[in-house]
Amino acid sequence: MEKENMNPEVIRNLQDAGCDEETISQFLACCQSGSDRQSMKLLKQHRRCLLEQIHDDEHRIDCLDYLVDQLEKAKNKMK
């Protein structure tokens with residue numbers, strides 16, 4: 001199934017999920033060849049990447065929260 005013939009909602013969903021054009025093309029090629037296992041692998045791989053980004057961002061937020069807390073404690077000690 002070529003990209004033009006693929007359900008536009010599926011393509012839009014992949015774009016909304018942050019898939020780049022290469023991933024979308026690979027996914028569509030898997031669908032065209034009937035390789036369900038490979039298409040699921042691509043989706044799971046992208047999901048893993050997104051989850052890693054979330055964890056990285058959570059760590060950065062934790063670092064900022066710690067710094068804010070330390071600065072507030074130092075400020076309160078000075079009062």
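Here are some notes:
- The chain - convex hull of alpha carbons, volume per residue in Å³: 88 Å³
- Solvent-accessible heavy-atom area per residue, rounded to whole Å², over the chain at 1.4 Å: 85 Å²
- Along the axis of the charge dipole computed for the chain (Cβ charges of +1 for Lys and Arg, -1 for Asp and Glu, origin at the Cα centre), the listed residues Asn13, Gln26, Ile61 are led at the positive end by Ile61.
- Protein accessible area in the chain, 1.4 Å probe - carbon and sulfur %: 52 percent
- Phi angles across region 54-61 convert, under the Karplus curve 6.51 cos²θ - 1.76 cosθ + 1.60 with θ = phi - 60°, into 3J(HN,Hα) values of 4, 5, 4, 5, 4, 4, 4, 5 Hz, Gly and Pro given as x.
- Size of electric dipole in the chain: Cβ of Lys, Arg +1 and of Asp, Glu -1, about Cα centre, debye, nearest 20: 420 debye
- Residues in region 14-46 reached by a label modelled at Asp62 [backbone nitrogen below 18 Å; 7 Å Cα→Cβ]: none
The values are calculated or read from the model by the stated rules, or taken from the named source; none is laboratory data. Note that the structure is predicted; figures quoted are calculated from it, not measured. Every residue, glycine as well, gets a Cβ built from its backbone with ideal geometry; the counts of neighbours run over all protein chains shown. Calculation scope for accessible area: heavy atoms of the full protein, side chains included, ligands and nucleic acids excluded. Shrake-Rupley method; radii C 1.70, N 1.55, O 1.52, S 1.80 Å.
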